[in-house]
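> Below is a structure I'd like to ask you about.
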2 protein chains.
Amino acid sequence: MSNKGHVPTGRHRVVIIGSGFGGLFSARALKRADVDVTLISSTTHHLFQPLLYQVATGILSEGLIAPATREVLARQRNAEVIFGHVNEIDLERKQVVAKALDSTETYDYDSLIVAAGAGQSYFGNDQFARFAPGMKSVDDALELRGRIFGSFELAEIAAAAGRHDEVSALMTFVVVGAGPTGVEMAGQISELSRRTLRRDFRNIDPTVARVVLLDAAPSVLGAFGDRLGSKAQQRLEQMGVEVQLGAKVVDVDATGIEIEDQDGEHRRIESICKVWAAGVQASPLGQQLAEQSGAGVDRAGRIEVQPDLTLPGHPEVHVVGDMISLDRLPGVAQVAIQGGRYAARQIKRGLAGEAPEGPFRYKDKGSMATISRFSAVASIGRLRLSGFVAWAMWLAVHLVYIIGFKSRITTLLHWAVAFLGRARGERTSTEQQIYARLALERLGDDFTPSLNLDRNAGERVEQTVG
Amino acid sequence: MSNKGHVPTGRHRVVIIGSGFGGLFSARALKRADVDVTLISSTTHHLFQPLLYQVATGILSEGLIAPATREVLARQRNAEVIFGHVNEIDLERKQVVAKALDSTETYDYDSLIVAAGAGQSYFGNDQFARFAPGMKSVDDALELRGRIFGSFELAEIAAAAGRHDEVSALMTFVVVGAGPTGVEMAGQISELSRRTLRRDFRNIDPTVARVVLLDAAPSVLGAFGDRLGSKAQQRLEQMGVEVQLGAKVVDVDATGIEIEDQDGEHRRIESICKVWAAGVQASPLGQQLAEQSGAGVDRAGRIEVQPDLTLPGHPEVHVVGDMISLDRLPGVAQVAIQGGRYAARQIKRGLAGEAPEGPFRYKDKGSMATISRFSAVASIGRLRLSGFVAWAMWLAVHLVYIIGFKSRITTLLHWAVAFLGRARGERTSTEQQIYARLALERLGDDFTPSLNLDRNAGERVEQTVG
């Protein structure tokens, strides 16, 4: 049993689950409130997810987009940050159970804000995950960074040895999902191959790498409307990205991806490095909350909250961000930020004896996606922007939302290096992945060859394991 | 069979093994030579090892100290870079065999430069490695970064729950080895706890963390002489580091370390996070070369080369850097750099029909070690410097040797953040380690609890593995 082992204050206890946009911004909004805030998260960092693709493609270091949550909240004296994975919420007893290593702690709350977010969804095909990592965590991004740069390394070797089929599969990159993340990944892999790596190899020509962007839907960036979607598609195609629409993924394995086109025909693309940027699945906590409160959940596991973001019969529990199904709100940072702040305000009003402010109203601040350096699309109110203007706007907005002055300066510097020059400062591959993979192989599990392979590391695992 | 699958040039083929200081600087020194250079390395980066402790303690990102080798050599048209682990050298056939994933390639050479470096030595106790990672690779540094920051995270939880013994073991950091790396690690962990993390926690006081620096030798920084050693020890003690000399490590396990003092008494320090910065072991390729050429090897596996760095009877094979045992040369970057350049010069002289320039002469440019921000020791010729002057010199020298203009600027910025401010920009922990650990646990192997644990990740592995 825990909660502030140091001094029991007797104040209203707010427990927040999650350190994403929803969790962090609700904690901050409680800064001046007479409450004790306990923010519990399964990562020790706040992830600035909109820039994750830049970590995956070597532009930014993980530290810049994933500052320690407790550093961000260090000066907020009424907030503590706890590292732990919440796997149980008891609405009746008003308790949350969190695990970290061998410790299992229970936290009592008076108010609860659940902002546990969403993971990648493979639409019932979780076996695809190891062959096509998602883009949801720092680990995903680092894994993909290793695979992307590693593919070129292996292609260089295969080319020198004359193994042309292997070279072709290694130099084909498939991105599944033509939403903002997919568009940004496809654009960046293309820039990487055509600019950054241009002079780096002797046996392959990286500029002819094939980058395929797939979607089952009929358009790119569907949520941005037809005009911007077409603009984005045009720009991608100019950059050498093959855009394939109406293309449904039916299978993914270690060396390729199988597609069903709209005419029902099946075809296969041989590709070692695949990226999955399609579909989300809300945290399993949503299901738990639904069962206990009688609320419904949608197909993506999102919970049908009340108009004030609370659970039916539980005005003390708010759910915010990617976990909610309400008014067809999109899964974007602003929905989480505004939801988190709204929940914090309602808690403060309650403590002050004021009436709640009425239903949550999402204020759409617009959406944007970068396609390449100097080129983006933005949809703000009735405004539709594309090209350099949209890109400059993207730059400004993202700099504002990056947390911390020093990170802003360093990020700008990294961007200058990548966009004005052609280098990428963060290309380092680690051996860590292979340890896990080789161990899994020994377990008889279906094995994915690592593109990050260092035989030395492999042998060390074999010695330990064998 | 490979070597430049693109165009066989018929030129003199120089194969270089290793992308450390020896390998990289020999490749660069061959820039204007009429040769084909193939640099083979088991990592895709050049590691600037002297700053590895800054990655382990959250100051610099790995990208800054580990640029892609092929990027560094991109404009050197006579050089190709191959990712592969060399596990066989055949001196008779003049061939090198390198493996990467499923490919095994053979490279023919006319001249060979072996610069495969050294790994950490546990003096016959390799079982210590998992409990006390070394400081030799990017992976080591990232693993330690996760353990150091993770220890404080877990201590915060244990303190809230009142588990005081656990808190004490989690907040005790033991660094084994009082050479430059050990001194730098101990100093940085101390600064981290006393400055960076000062306000970050609510249930523990990070500033009382115990940092122990151990060595079996009677002094700190033995190679720097008594005066500088004492200065360094004094400064460390002022910073709160406990320096324990004449202390021999006899056992290391998951929760502590056992020590034999000079009087033969045994004692134990309870500590979760241990760092091993004692002892090196040359690449196993040294043993192979010794067996084939009849050269001797010393206890650390270093090969006894001829005065011109060649193998007996093999003037076409140079060995440089940490792999050699010659004139008691230290295992520092300058020995590798000068050796690499020397080897390159001899190859060029040979091609030009000139006589070799005589035995390799190491020019000692001095050594330095930082203790904390604004404080270092330096030994240059007869000069002995300590304090701020030595630190300013350290800063200048390291900036010069960091590769690439952009990395220099970014590094300076990170240093300003860390040394003038108190923040660390690179604190992000990943889940990668736990995948390997849990898989190993399933294999019945002796399991190290991860301080980086995310139960979510754990469960994912269990589902995959179980």
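The values are calculated or read from the model by the stated rules, or taken from the named source; none is laboratory data. Nothing here was measured: the structure is a model prediction, and the numbers come from that model. We place every Cβ from the backbone using ideal geometry, glycine too, and count neighbours over all the protein chains shown.
> Could you please find all residues in the range B:170-179 being crowded, with 23+ Cβ neighbours inside 10 Å and closer than 25 Å to B:Thr43 by Cβ?
B:Val175, B:Val176, B:Gly177
> Right, here's the next one. Report, by residue number, each residue of the range B:70-109 that is surrounded by fewer than 21 Cβ atoms within 10 Å (Cβ to Cβ) and farther than 20 Å from A:Asn203 by Cβ.
B:Asn87, B:Glu88, B:Asp90, B:Leu91, B:Glu92, B:Arg93, B:Lys94
> Would you pick out the residues in the range B:203-223 that are among the charged types (D, E, K, R) and out of contact with any Gly (no Cβ under 9 Å at 6 or more places or on another chain)?
B:Asp205
> Examine the range B:43-52 for a residue that is surrounded by fewer than 24 Cβ atoms within 10 Å (Cβ to Cβ), of a type outside the set (Lys, Arg), at pLDDT 95 or above and under 19 Å from B:Ser283 (Cβ atoms), and state whether such a residue exists.
no
> Take A:Val250 and tell me if it is over 17 Å from A:Pro133 (Cβ atoms) and away from every other protein chain (no Cβ under 11 Å).
Taking the combined requirement at face value, the residue satisfies it.
> While we're here: Scanning the range B:124-169 for residues that are more than 10 Å from chain A (Cβ to nearest Cβ) and farther than 28 Å from B:Ala333 by Cα, which turns out surrounded by the most Cβ atoms within 10 Å (Cβ to Cβ)?
Result: B:Ala155.
> Looking only at the range B:395-416, count how many residues are in a helix (DSSP H, G or I), in contact (Cβ under 8 Å) with a residue 40 or more places away in the chain and of a type outside the set (S, T, N, Q).
4
> A further question follows. Of all residues in the range A:172-223, how many are touching an Asp or Glu at 6+ places or on another chain (Cβ under 6 Å) and under 12 Å from A:Val241 (Cβ atoms)?
2
> Do you know which of the residues in the range B:200-241 that are within 14 Å of chain A (Cβ to nearest Cβ) and outside any loop (DSSP other than H, G, I, E, B) is nearest to A:Val72 (Cα to Cα)? Working first, answer last.
To start, the set of residues in the range B:200-241 that are within 14 Å of chain A (Cβ to nearest Cβ) comprises B:200-207.
Filter once more, so that each one left must be outside any loop (DSSP other than H, G, I, E, B): B:206-207.
Details: B:Pro206: 17, B:Thr207: 19 Å.
Among residues in the range B:200-241 that are within 14 Å of chain A (Cβ to nearest Cβ) and outside any loop (DSSP other than H, G, I, E, B), the one nearest to A:Val72 (Cα to Cα) is B:Pro206.
> State whether one or more residues within the range A:337-344 are of a type in the set (Val, Ile, Thr), in contact (Cβ under 8 Å) with a residue 40 or more places away in the chain and more than 30 Å from A:Leu170 (Cα to Cα).
yes
> Could I ask something else about it? Could you tell me whether B:Val275 is part of a strand (DSSP E or B) and closer than 27 Å to B:Arg422 by Cβ?
It is true that B:Val275 is part of a strand (DSSP E or B) and closer than 27 Å to B:Arg422 by Cβ.
> Taking the range B:249-303, which residues are among the polar types (S, T, N, Q) and in contact (Cβ under 8 Å) with a residue 60 or more places away in the chain?
Selection gives B:Thr255, B:Ser271, B:Gln281, B:Ser283, B:Gln288, B:Gln292, B:Ser293.
> Shifting gears a bit: Looking at B:Ala300, B:Ala295, which is the one that is assigned to a loop (DSSP other than H, G, I, E, B) and either among the charged types (D, E, K, R) or more than 23 Å from the chain's Cα centre (by Cα) (or both)? Break it down stepwise before answering.
On the way: B:Ala300 fails: either among the charged types (D, E, K, R) or more than 23 Å from the chain's Cα centre (by Cα) (or both).
From the options B:Ala300, B:Ala295, the qualifying one is B:Ala295.
> Take the residues of the range B:1-17 that are more than 12 Å from chain A (Cβ to nearest Cβ) and in a loop (DSSP other than H, G, I, E, B): which is modelled with the highest pLDDT? Lay out the reasoning, then the answer.
Here is the first cut: in the range B:1-17, the residues more than 12 Å from chain A (Cβ to nearest Cβ) are B:10-17.
From the residues that got through so far, the ones that are in a loop (DSSP other than H, G, I, E, B) too are B:10-11.
Numbers: B:Gly10: 87, B:Arg11: 94.
Among residues in the range B:1-17 that are more than 12 Å from chain A (Cβ to nearest Cβ) and in a loop (DSSP other than H, G, I, E, B), the one modelled with the highest pLDDT is B:Arg11.
> Could you tell me which numbered condition A:Ala392 fails, if it satisfies all but one of (1) at pLDDT below 85; (2) assigned to a helix (DSSP H, G or I); (3) not acidic (Asp, Glu)?
Condition (1) is where A:Ala392 drops out.
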